[in-house]
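Here is the structure we will look at.
Throughout, read-outs are computed from the coordinates displayed, never taken from laboratory work. Fair warning: this is a prediction, and the values are worked out from it, not measured in the lab.
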Amino acid sequence: MKDVEAMFEVASWGTSWALGAPLMVLTVVVHVFGLGLIRSAFYNAFQRRNWLFRGPVVHFALVMSVTVSLVTLLHVVQAAIWASCYVLVGAIPTAHLAMLYSIGAMATYGHATVYLDAHWQMLGAMEALNGAILLGLSTAFLYAMIQQAWPGKRN
């Protein structure tokens, strides 16, 4: 009997994979597109050699602050996409709780007292995996931007 229950549980993961895999692709595409837009704005901000402020360090700090804020906003957009899915399929009852769960899963924080039903737990694990991928992309992106714009760097 337990073998049958275990097989049913594994079979029920199919719904999570059917929803989660396209969500992962969608969020990565949105994220990469967003990083591309941020990169264009970043390079435009550093093309001007007549610094807006007294020194290149202040200009660097301002542009990097805006860049980090925009990257953070991208992560919020990704979490909202996942949260919308949770509400639409009935995995979490309210948008507020879904967003709380989604940000926790995406950041692999996991300390919210919001839980998915057993049927949707694989979907939550997939979001955590997606979050790790997106955080890695963002980290690589920010590192590259710092390398390009560090004050005093010779091109």
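Below is a table of values for the structure above.
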| read-out | value |
| --- | --- |
| In Hz, Karplus ³J(HN,Hα) per residue of segment 134-140 (6.51, -1.76, 1.60; θ = phi - 60°; x = Gly, Pro) | 5, 5, x, 4, 5, 5, 4 |
| Three-way shape call for segment 2-149 based on the alpha-carbon gyration tensor, with the a/c threshold at 1.5 | prolate |
| 3J(HN,Hα) from dihedral phi, segment 72-85, Karplus parametrisation 6.51/-1.76/1.60, rounded to Hz, x for glycine, proline | 4, 4, 4, 5, 5, 4, 4, 4, 5, 4, 5, 4, 4, 4 |
| Cα gyration tensor shape for segment 78-141, rounded if a/c is under 1.5, else prolate or oblate | prolate |
